[in-house]
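*Asks:* There's a structure below that I have some questions on.
The values are calculated or read from the model by the stated rules, or taken from the named source; none is laboratory data. Quick caveat: nothing in here was measured; it's all calculated off a predicted structure. Glycine gets a Cβ as well: all are built from the backbone with ideal geometry, and neighbour counts include every protein chain shown. Each accessible area value is taken on the protein alone, full model and side chains, heavy atoms only, with ligands, DNA and RNA left out. Shrake-Rupley method; radii C 1.70, N 1.55, O 1.52, S 1.80 Å.
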Amino acid sequence: MESILSGDAGAGPRHGRLNRAIKESLRELGAELSLLNHSVGTRLDLKAADLECLDLIAQYGPLSPSALARRAGLHPATMTGILDRLERGGWIDRGRDPSDRRGVVVQAARGRGAEILRLYLIDSGMNTALDQICAGYDERDLQLLAGFLHRTADAARTAAERLAAR
C-alpha cells in the first residue's frame, strides 16, 4: 500500500527507497538553491522575484512583459513594478518588439547578465564545486543525469502550470 501512495507502484522495496531518497534530495536541493538565490539577490540588492525575473530574461529574452509574467507565474501588474525596478537598477533594457512595433520587449542589459553568473558560479564557489562533482562521473552517467534533471525541470513546470490553472 505504501508504494502505491508514494508513486512506487510495481517497484521493489530498494527501488522505492531510492525513489524517495531522490525526491528528498530534490527538495533539499531546491531549498539550498533558494538560499543561494537569496544570497545572490542580497549581494545585488535585488528582491527574490526581481532576481528570478532577471534570470528568466537572461535565459529566454528578449521577452514581452506578458510572456515573462506567464513564465514567472506572476500577475502582469506585479510584473510592471518588477520591470520598473530592474530598469532603474540598470539590469534590463526595454525596447520595441521588432515583430510588432506597438509591443515592448525586455532584455538583459549588456554585461549585467555576466555579473549575475559570476556571483552564482564563481564568487560562490558553485562552478568549481560542480566541476568537481561532475569529474566523478563518466560521460554516460553525465548524460543520464542531464536527462534526469531536464525531465525533472519539465515535470516541475507542468506541475506549476496545473496548480496555476486551478
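*Asks:* Heavy atoms only, probe 1.4 angstrom, no DNA, RNA or ligands counted: give me Arg17, Arg118 ranked by accessible area, highest first.
*Replies:* Arg17, Arg118
*Asks:* Oh, and also: If you compute semi-axes √(5λ) of the Cα gyration tensor in Å for the structure shown, which of [x] 42, 25, 14; [y] 35, 18, 15; [z] 34, 21, 15 do you land on?
*Replies:* Only one option fits the structure, namely [z].
*Asks:* Turning to a different aspect of this structure: If we count every other residue with Cβ under 9 angstrom of Asp93's Cβ, Lys/Arg +1 and Asp/Glu -1, where does the sum land?
*Replies:* Working: positive: Arg94, Arg110; negative: Glu87.
Within the 9 Å Cβ shell, the charges total +1.
*Asks:* Which FRET efficiency value, to the nearest 0.05, is calculated for Ala135 and Arg110 with the Förster distance at 41 angstrom and r the Cβ-Cβ distance?
*Replies:* Working from the Cβ atoms, E equals 0.80.
*Asks:* Please give the contour-minus-distance gain from Ile22 to Arg71: 0.36 nm per residue of separation, less the Cα-Cα distance, rounded to one decimal in nm.
*Replies:* Values: separation 49, 0.36 × 49 = 17.64 nm, distance 2.60 nm.
Length gained, Ile22 through Arg71: 15.0 nm.
*Asks:* Here's something else I'd like to know. Tally Lys and Arg at +1 and Asp and Glu at -1 over the other residues with C-beta under 12 Å from the C-beta of Gly111: what net charge comes out? Intermediate values should be presented prior to the final figure.
*Replies:* Working: positive: Arg110, Arg112, Arg118; negative: Asp93, Glu115.
Taking every other residue near Gly111 into account, the sum is +1.
*Asks:* What distance in nm lies between label points placed 7 Å from Cα along the C-beta direction at Gln59 and His38?
*Replies:* 2.1 nm
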